[in-house]
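Visitor: Got a structure for you, written out below as structure tokens; questions coming shortly.
The values are calculated or read from the model by the stated rules, or taken from the named source; none is laboratory data. What you are looking at is a predicted structure, and each value in this text was computed from that prediction instead of being measured. Glycine also receives a Cβ, built like all others from the backbone with ideal geometry; neighbour counts cover every protein chain displayed.
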């Protein structure tokens, strides 16, 4: 919806405000007059009384006039079609555009109007920890939620693995797994040593045979010393081989026996018979792998989010995703630096963008209502004001915005900067026009002073617009 004109007709005066399709900046030093200007606009959208007229274009591009004459019945006319569409907007309380849009008149001021106080409060992330929510929204969302899902998935897998080994403590499972690996290693070493074990007895038998042969040939050789020395040497070789084999066997078995001794057993098969399902290597391996995967997922999550609570993040997932979308919108509007910052100006820009998003696609007709800014940048430094004015100007390229202010800096920006060609600046002042059947307000057209001609500043305000081309939507 685009509001083109507001006319408020009273017995002694008429207030007329022509609005730009994009950005209208209305200036006056008196905050009470500025506030009244916006109040009249919100009031005219609701079930206003006689004398409050609106001219607008709806989402279907119908050119409508909401006409509430003094002392007569109100009408809503489709100007281009020449038809009366009053029934669409009729309520028991009068003609109500807000009700037609799907908005309650009581909540409209809070949604339509935005002032410095709302900007100062900062962007409502919908969470109880705004800095954390903004920090998470700035991360790669695909990576963030993949990491979160990995933690949840591995936690579930770990729970299933624990269910397959009821009552088993992970430390006990890992300890038994180490024992099983040590036992398997011992078995392999013994198997590899088996050929050596066979050589020992063969060498011993060979030594005995040679000794017997030397003894049988003792008479022929006739050298007792040689025979004795040869027998001693052969006996020594056989002894060394036997002892060496025993030492190797002891060393192979020692590590396993020492580990088993800590559990009060001497054989692995006895320990395996007492641990129940834990003896199943597949169940043990599944549990250990599930634990390792969960630990890796947790480590990745800790690194990515700097230790954010997963339960908190999952509880506010929808809000964080919405924040990320808004950050993308800020970048799309050209505010790359503001989108990346966490400064006051960046926070205010997010507030503005969020409110614009809230005002688009309202009700069954998917209408949008204008954003009304009530001197929103009061108290900010000129550099921050300049940044936010640029954001407002970009937002106004696809959403109607009315900004009322008493800031001379904004007045200068609206009249002297390059942006002045694409907005409308009006100087609010008094405009006295006799009300009656022949008055401009009574016929639904605007009454106003000539461009550049200031009116007296008192009472009911009127507008002094500058000429500005309408933006395309």
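Visitor: Quick one: which residue in 317, 326, 255 is modelled with pLDDT under 75, under 30 Å from residue 358 (Cβ atoms) and surrounded by 13 or more Cβ atoms within 10 Å (Cβ to Cβ)?
Guide: 326
Visitor: If you check residue 334 against the conditions, is it surrounded by fewer than 20 Cβ atoms within 10 Å (Cβ to Cβ), modelled with pLDDT under 80 and within 21 Å of residue 20 (Cα to Cα)?
Guide: no
Visitor: Here is a list of conditions, (1) farther than 19 Å from residue 369 by Cα; (2) surrounded by 20 or more Cβ atoms within 10 Å (Cβ to Cβ), and residue 95 meets all of them except one; can you say which number that is?
Guide: (1)
Visitor: Same structure again: Kindly list the number of the only condition in (1) modelled with pLDDT under 75; (2) within 15 Å of residue 376 (Cα to Cα) that fails for residue 406.
Guide: (1)
Visitor: Does the range 40-58 contain at least one residue that is at pLDDT 90 or above, in a strand (DSSP E or B), within 23 Å of residue 115 (Cβ to Cβ) and within 39 Å of the chain's Cα centre (by Cα)?
Guide: No, the range 40-58 contains no residue that is at pLDDT 90 or above, in a strand (DSSP E or B), within 23 Å of residue 115 (Cβ to Cβ) and within 39 Å of the chain's Cα centre (by Cα).
Visitor: How many residues are more than 41 Å from the chain's Cα centre (by Cα) and surrounded by fewer than 23 Cβ atoms within 10 Å (Cβ to Cβ) when one looks only at the range 4-28?
Guide: Number of matching residues: 4.
Visitor: Step by step: first the residues of the range 398-425, then only those that are assigned to a loop (DSSP other than H, G, I, E, B) and more than 26 Å from the chain's Cα centre (by Cα), then the one that is farthest from residue 351 (Cα to Cα). Which residue is that?
Guide: The extreme case among them is 417.
Visitor: Here are some conditions: (1) modelled with pLDDT under 90; (2) touching a helix residue (DSSP H, G or I) at 6+ places or on another chain (Cβ under 7 Å); (3) assigned by TED's automatic domain parsing to the domain that holds residue 114. Residue 371 meets all but one. Which one does it not meet?
Guide: Result: residue 371 fails condition (1) only.
Visitor: Could you tell me which residue of the range 61-70 is farthest from residue 81 (Cα to Cα), considering only residues that are without any contact (Cβ under 8 Å) to a residue 60 or more places away in the chain and assigned to a loop (DSSP other than H, G, I, E, B)?
Guide: Across the range 61-70, the extreme among qualifying residues is 68.
Visitor: Kindly evaluate residue 55 against the criterion of being more than 28 Å from residue 425 (Cα to Cα) and either touching a residue at least 40 places away in the same chain (Cβ under 8 Å) or in contact with a helix residue (DSSP H, G or I) (Cβ under 8 Å, 6 or more places away or on another chain) (or both).
Guide: no
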